[in-house]
Structures are given as structure tokens and as C-alpha cells.
1. Looking at region 11-166 only, what percent of DSSP beta bridges run antiparallel? Nearest 5 please.
2. How would you rank 98-111, 29-42, 118-131, 140-153, highest first, on the average number of other Cβ atoms within 10 Å across their residues?
3. How far is helix 87-104 tilted, in degrees, relative to the longest principal axis of the Cα atoms in the chain, given as a value from 0 to 90 rounded to the nearest 10?
4. Kirkwood Rh over Cα pairs of the chain into Stokes-Einstein at 25 °C, 0.890 mPa s: D in µm²/s?
5. Using Cα atoms only, what is the angle between the long axis of helix 11-28 and the major principal axis of the chain, expressed in degrees (0 to 90) to the nearest 10?
6. Taking 7 Å along the Cα-to-C-beta vector as the label spot, tell me the residue 42-residue 56 distance in nanometres, rounded to one decimal.
7. With a point put 7 Å past each Cα toward its Cβ, work out how far residue 161 is from residue 35 in nm, to one decimal.
8. In the calculated pair distance distribution of region 8-69, what percentage of Cα-Cα distances lie above 19 Å?
């Protein structure tokens, strides 16, 4: 397993790594990208939602990783999942879910409606991506591998650009 340069396996660190890699890929395609945080600093959910609403962005994507808890079989749970709250976000969520699963050959944990704070901004379609289960040891190896992180960022960027191009 080839780990990321800092070998960080804390979810908050991996989330930030993926967000920065995704920003880099989107900027290469001409996008203007804002992150709700640039460093390892705490920002409340309300603070993140306020930042998203103040930007007036075309879309908002929250990057996260899932945990199955301590129940039996938690090692068997795997896959990428997408959550949406407002109907305007459903199309983006469904499209990106299919795009990432297909182009990376990853298992799908489905697209679901859920009232999550970071899927609630109404300024733009807002989705909450669960990019894998850190509680699954096999999937965790994929999650922390730097080449896989780069591949994920490229595929996410391409999917976002494709969706934006077809929904303008």
C-alpha cells in the first residue's frame, strides 16, 4: 500500500487532502473553487453552510468518509454513497454517484435523501459524498493510497465538469 505523503489516516486529514486534490483538478479545467476550510481548523456546520451560501456557487460538494460503527459485519460494508436534501441536488448526486462508481470501479452504497446540514444549502445543488468506509480495512487501504486519491480527484473533477456542461 502506497500511502499519502503524510501517511495520515485521520478522516479529517483525508477529507482535506481529497478536497485540495479535487480543487487542483477543477482549476486545471478552468473552474473557480472555494473550500470551506484550507487547513486543519475546526469550522462548525453552521459556519460551513454560511460560507457556502455567501459564495453563490454553482454547486456545493461536501467530501466525507463513512464508518459502519462497531456492529458485527462492519468490515463488510463498503462503497461510495451520496446524499442530497433539496430536489435541485438530486440530479447532481445521482450523476456523480454513477460517474464515480463506473469510472473507478468502486462499489456503490447508493444515492439517498437525508436531511444533513451540509446538503441543505439552497444557493446551489448541494450534495454530501461519502467516498468509502474507513471502518472496512480493505477499503481503507484504497482510501489512504495516494495514487487512488489522485485518481478519485480526477474522476470527480471530470464528473463535475460533465454535469455542469450538460446542466447549464
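1. Values: 4 of 15 bridges.
The antiparallel proportion sits near 25 percent.
2. Numbers: 98-111: 15.7, 29-42: 11.3, 118-131: 21.6, 140-153: 17.7.
Result, highest mean Cβ count within 10 Å first: 118-131, 140-153, 98-111, 29-42.
3. Approximately 40 degrees, to the nearest 10.
4. Numbers: Rh = 16.2 Å.
It diffuses with D of about 152 µm²/s by this estimate.
5. Its long axis makes an angle of about 50 degrees.
6. Reported label-point gap for residue 42 and residue 56 is 3.3 nm.
7. Those two pseudo-labels are separated by 2.0 nm.
8. Details: 664 of 1891 pairs.
That tail contains 35 percent of the Cα-Cα pairs.
Computed from the coordinates by the stated procedures, all read-outs in this text should not be read as laboratory data. As the structure is a prediction and not an experimental result, all values here were calculated from the model. Because the Cβ atoms are built from the backbone with ideal geometry, glycine has one as well, and the counts that use them run over all protein chains shown.
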